[in-house]
Amino acid sequence: MPWKALSSFAFLSILAAFSASAGIQPYPNSFSVQEIRANGTTLHVRVGGTGPAVVLLHGFADTGDMWAPLAASLASDHTVIVPDLRSMGLSAVADHGFEKMNQAKDIADVLDTLHFARADIVGHDIGNMVAFAFAERYPERTTKLVMMDAPVPGVGPWDDILKSPLLWHFRFGGSDMERLVAGRERIYLDRFWNDFAAEPSKFDEASRAHYAELYAKQGRMHGGFAQFAAFDRDVVDNKAAVGRGRLQMPVLAVGGDHSLGPTMAYIMRFAADNVREVVIADSGHWLMEEQPKATVAAAVDFLSADSSINPRTFSVAEIDALARSGAGVGTSGVGGIQTIVLSGDPAKAGPYAIELKIPAHTHIAAHSHRDNRLAAVVSGEWHFGYGSKADDAHTSVLTQGAFYTEPANAPHFAFTGDQPTAVFITGTGPSDTHFMNEKDAASHP
């Protein structure tokens, strides 16, 4: 677990954040607050820590205050930058510019002011949509992307998601709606905190009172409505961006098991090639309020993992000379298979590459892995198919040079014929193996 190099002060701050029974957790005293001019407005920004930059973007019914536990955890090895979004929280009131691609420019200007060329970007709810827009508009400035429990306008199943009656607020806006909510901000916000939580009491009374007070300030609820009103433009912008090319940076997709769950990763795989899925147990949409420990752990693990690849070449002879192990992590676990680790470690976070040597007449039952994997046949003949039950009649016969994919959590199976086979596989760990049939798992420990 990469809670490395935490100062005693930061560690105590984290404990305090998790042990307090209720209310908004304070940021560590080492954080400063700056009012930063950005893209024609002014953003209220919290800044603390040292190291490469990470930006945390909040959503509707929250402000940047929601991120205090995660900010304290990351500050030991990151410079943590937490703005309130345009016209929300304590940022300046704005009357336009709520398109997410435009707000991506807000964030880019903040990074420029703080002299950071690149950053990890983390988002939740509306912040999720701004984070996605930033990664699309500035892929060269986005080192990693964390997307937490909110759909992305125009990406994947967006049109189907819009049909949910729970999302009536997407179209709730305009002057009449604002008049209805004025003076009743707490009632309106309670609806979000109650309907989208696995257990509404986890979003405690003190936090509700805090955010309701902020959203009752002049212009804040208008800014919140404007975030949703911009979705139609966001759909157009996002479809165009995805059409120009898929995201290549590592992406962590986090969903609450009582909310989007694995659908968050499903959505992101329409737009990104390197997506890792995490589902937070016993949580609805309000991940940081409902399950802060698990959510912080998932984000810290992903952001602290080394995703770099060291320069290295291997000749065929050098590969043959490398140490071989049995069928370890990232394989089916079938006896007789040999694993050569070429790069990284499939048991740990980060990219890896392995070569598998599979004996003749080896049958591998239907199974899946948690990570997306790319593979090529090095030698021999590889009978490979997709499905939750091995069916020899529905396999493809792949020979030397053939390429195939193993999408995350997609069942597949394989077998060899009269000759052994070698397969090269790359992925982003941690990997694992889940057999579709418990009897198959028991026979291949």
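For region 355-398, what are Rg and Dmax over the alpha carbons, in angstrom?
Taking only Cα atoms of region 355-398, I get Rg and Dmax of 11.0, 27 Å.
When only the heavy atoms of the protein chains count and the probe is 1.4 Å, how do Phe228, Phe116 rank by accessible area, highest first?
Most to least solvent-accessible, the answer reads Phe116, Phe228.
On a 29 Å Cα-Cα criterion, which of the cross-link pairs Lys100/Lys163; Lys100/Lys144; Lys105/Lys348 come out too long?
Violating the 29 Å Cα-Cα cut-off are Lys105/Lys348.
Order these peptides, 371-381, 322-332, by their mean beta-carbon neighbour count within 10 angstrom, highest first.
Peptide ranking by packing, descending: 371-381, 322-332.
If r is the Cβ-Cβ distance from Ala206 to Ala323 and R0 is 56 Å, what FRET efficiency results, to the nearest 0.05?
According to the calculation, E is roughly 0.50.
In whole Hz, with x marking every Gly and Pro, tabulate ³J(HN,Hα) for region 364-380 from phi via Karplus 6.51 cos²θ - 1.76 cosθ + 1.60, θ = phi - 60°.
Each residue's phi maps through the Karplus curve to give 10, 5, 4, 7, 9, 10, 6, 9, 6, 10, 10, 9, 9, 7, 8, 7, x Hz.
Just the number, please: Stokes-Einstein D of the chain in µm²/s, Kirkwood Rh from C-alpha pairs, 10 °C, 1.306 mPa s.
The diffusion coefficient I find is 68 µm²/s.
Ordering Glu213, Glu406 from largest to smallest accessible area (1.4 angstrom probe), what's the sequence?
Glu213, Glu406
Kirkwood hydrodynamic radius for region 324-393: how many Å is it when counted over pairs of different Cα atoms?
13.3 Å is the Kirkwood radius here.
Could you tell me the accessible area of His258 in Å² (1.4 Å probe, neighbours in place), rounded to the nearest ten?
For His258, solvent-accessible area is about 120 Å².
Taking the Cβ of Gln419 as the centre, find all other residues whose Cβ is under 15 Å away and add up their charges (Lys, Arg: +1; Asp, Glu: -1).
Neighbourhood net charge equals -1.
Which of the aspartates and glutamates could a cross-linker span from Lys357 if the Cα-Cα distance has to be under 19 Å and same-chain partners fewer than 8 positions apart are dropped?
Correct list for Lys357: Glu318, Asp320, Asp345, Glu381, Glu406, Asp418, Asp432.
What ranking, highest mean first, results for peptides 97-103, 431-437, 167-173 when packing means the other Cβ atoms within 10 Å averaged over each residue?
97-103, 431-437, 167-173
Taking a quarter of the surface of the Cα convex hull of region 95-225, what do you get in nm²?
Hull-based average projected area comes out at 9.4 nm².
Taking a probe of 1.4 angstrom, what is the accessible area of Arg276 in Å², to the nearest 10?
30
At 7 Å along Cα-to-Cβ for each site, give me the label-to-label distance between Arg246 and Asp282 in nm.
Result for the modelled spin labels: 3.6 nm.
Kindly report, to the nearest 10 Å², the accessible surface of Asp418 as traced by a 1.4 Å probe over protein heavy atoms only.
Estimated to the nearest 10 Å², Asp418 gives 140 Å².
Would you mind checking which residues have amide H under 5 Å from Glu199's amide H? H placed 1.01 Å from N; only 5 or more apart, or other chain.
Placed amide hydrogens put Gly284 under 5 Å from Glu199.
Could you work out how far apart the two model spin labels at Ala393 and Asp160 are, taking each label as a point 7 Å from the Cα in the direction of the beta carbon, and quote it in nm?
Placing both labels 7 Å beyond Cα along the Cβ direction yields 2.9 nm.
Using label points projected 7 Å from each Cα along Cα→Cβ, tell me how many nm separate Val33 and Asp432, to one decimal.
4.2
In whole percent, how big is the carbon plus sulfur part of the accessible area of the chain, probe 1.4 Å, protein atoms only?
Carbon and sulfur atoms account for 55 percent of the accessible area of the chain.
Counting each pair of different Cα atoms once, what's the Kirkwood radius of region 187-233 in Å, rounded to one decimal?
Evaluated on region 187-233, it is 11.8 Å.
The values are calculated or read from the model by the stated rules, or taken from the named source; none is laboratory data. Remember, it's a predicted structure, so these values are computed and weren't measured experimentally. Virtual Cβ from ideal backbone geometry, glycine too; neighbours counted across all protein chains shown. Side chains are part of the model used for accessible areas, which takes the heavy atoms of the whole protein and leaves out ligands, DNA and RNA. Shrake-Rupley method; radii C 1.70, N 1.55, O 1.52, S 1.80 Å.
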